[in-house]
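Below is one structure, written out as structure tokens; the observations come after it.
Only the coordinates and a few stated rules stand behind these numbers; no lab work does. Quantities reported herein were computed from a predicted structural model and do not represent experimental measurements. Counting neighbours? That spans all protein chains shown, and the Cβs are built from the backbone with ideal geometry, glycine included.
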Amino acid sequence: MAEHNLSHIDLNEYPHINKGLDGIVAFSTTKSNINGQTGELIYSGYHIDTLAENATFEEVCFLLWYDRLPNQTELDELHKKLQANRELPEPVLTYIKTTNPKAEPMAVVRSAVSMLADFVDDDASDEYNAIIMTAQIPTIIAAFDRARNGKEVVAPLKDGSTAFNFLYMLNDEKPGQAAERVMDLCLVLHAEHGMNASTFTCRSICATESDIFSAVSGAIGALKGPLHGGANTAVMNTLLILKEQGENADPVAFTKAKLDRKEKIMGFGHRVYKTFDPRAYHLRKMSKELSEETGHVYLYEWSEAMVKTMKEEKNIDPNVDFFSATVYYSIGIQPDLYTCIFAMSRISGWTAHFFEQKANNRLIRPRALYIGEKNLPWTPVEDR
């Protein structure tokens, strides 16, 4: 890499550069609060433990959008709107059925969500468009998974919860109460999480006064990156590699060997949390229960062994991605769909931030410290 001559830079004008915008407060918000030191997560006033134990995903959507819980009439109305808008426009469905079956699922979700903008009226409200995306992203994911596997696409139901309908469309059979509750809880736990990369992207696009479909498409693009949304897929792939070792599988030795090779072990550590991710507690419990029910106890036991090893060797705790991987696997979801399910949940948080940004907007325009040369003499091409 070329060396830079910084003699022309007045560094006193820029006393500190925060790489990755660490510690920079760019917005005020009522949507969520994270205390990384104590491991606390709040959605619009409610602790994540309270929501995990009591709320449905639809209630969390309403909470994030309006900063309060819905009454029964409001909740029923939201259910009706979501149920009535699950079917995809025919051109979007045709795209999903005819696109490359080997396409990366998040790329398909990103493209399909962007296409949805073509099928709503120009004067449709942002609230209506948020409902459209919340209702149709599960349909997009399930339709693509079935189409790429040569199966008939299952039309969405006109009743039931988001979690129930998604599992039904994915597997062509109605899920039991336990599976629905697990899916719903995963959606609750992933719905919102502060000023992460995809939410920042969503708000940045909103700040230009672009539309909500553009903002969410950009957010999906940011979530697609392995350092943001793809970690749980990487966790599951790691466990599957360990599984290939058969009877010789040793999660402790496996983990230590990766550490010795300076390899990153996905699902551990967090840019904000300095302790156990509060969402991981709930997923850890689900992982244990599901593994016992589905015959995947070994995955849970390996996961616990890796958690213990990472704590002893690096003093690093797991994050939400670590146990969500085995939870999804135990209910039959393919690893490369995990990030899509993340998006299916986070649509609630993204759209809530879009509303908030739009209500008190200012164009987002940070500065960059230029460290290149200045006023270089021109050299003719034949002399370069």
| message | Using a 7 Å offset from the Cα along the Cα-to-Cβ direction at both D159 and A124, what is the distance between the two label points in nm, to one decimal? | response | 2.6 nm
| task | Taking DSSP loops as anything outside H, G, I, E and B, show the longest stretch in the chain free of chymotrypsin sites (Phe, Trp or Tyr not before Pro) there with at most 11 other beta carbons within 10 Å. | result | 1-369
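Per 0.36 nm of contour for each residue apart, how much would the distance between E77 and K314 grow if the chain were fully extended, relative to their Cα-Cα spacing?
Details: separation 237, 0.36 × 237 = 85.32 nm, distance 4.89 nm.
Gain on extension, E77 to K314, equals 80.4 nm.
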| Using alpha carbon centroids, what distance separates the stretch 82-157 and the stretch 362-381, in Å? | 42 Å
| Zone of L227's modelled label, taken as backbone nitrogen in the stretch 273-311 under 14 Å from a point 7 Å along Cα→Cβ | none
| field | Virtual spin-label span in nm between N248 and D22, 7 Å along Cα→Cβ | value | 4.0 nm
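Relative contact order of the chain: what whole-number percent is it, with Cα pairs under 8 angstrom and at least 6 residues apart?
Working: 511 pairs, mean separation 89.3, N = 384.
Contact order relative to length: 23 percent.
Direction-averaged shadow area of the convex hull around the Cα atoms of the chain, nm²? If you can, show how the numbers build up before the last one.
Working: hull surface 98.9 nm².
With every direction weighted equally, the projected area is 24.7 nm².
Taking R0 as 56 Å, what FRET efficiency do you get between T38 and D383 from their Cβ-Cβ distance, rounded to the nearest 0.05?
Details: r = 63 Å, r/R0 = 1.12.
Computed FRET efficiency for T38 and D383 comes out at 0.35.
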| Greater than 21 Å apart at Cα, pairs in K243/K264; K285/K308; K258/K311; K243/K314; K258/K288; K31/K311 | K243/K314; K258/K288; K31/K311
| task | Evaluate E = 1/(1 + (r/R0)^6) for E53 and I371, where r is the Cβ-Cβ distance and R0 equals 45 Å; express this FRET efficiency to the nearest 0.05. | result | 0.35
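Kindly state, to the nearest 0.05, the FRET efficiency for D67 paired with K174, given R0 = 35 Å and r defined as their beta-carbon distance.
Values: r = 34 Å, r/R0 = 0.97.
FRET efficiency, D67 to K174: 0.55.
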| message | Only Cα pairs within less than 10 Å get springs; with that Gaussian network setup on the chain, which residue of P101, P366, P251 has the largest fluctuation? | response | P366
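Hey, what's the Kirkwood Rh for the stretch 32-193 if you take every pair of different alpha carbons, in angstrom? Numbers along the way, then the final one.
On the way: mean 1/r = 0.0593 Å⁻¹.
Averaging 1/r across every pair of different Cα atoms and inverting gives 16.9 Å.
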| request: Just report the Cα centroid separation between the stretch 183-226 and the stretch 290-322, whole Å. | output: 28 Å
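I need the peptides 185-195, 303-313 ranked by packing, meaning the mean over residues of other C-beta atoms within 10 angstrom, with the highest value on top.
185-195, 303-313
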| message | To check my understanding: the extent here is largest minus smallest coordinate of the Cα atoms along each principal axis. What are those three numbers for the stretch 116-169, in Å, largest first? | response | 38, 23, 13
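Give me the extension gain from N361 to S214: residue separation times 0.36 nm, minus the current Cα-Cα distance, reported in nm with one decimal.
Details: separation 147, 0.36 × 147 = 52.92 nm, distance 1.64 nm.
Taking 0.36 nm per residue and subtracting the Cα distance, the gain is 51.3 nm.
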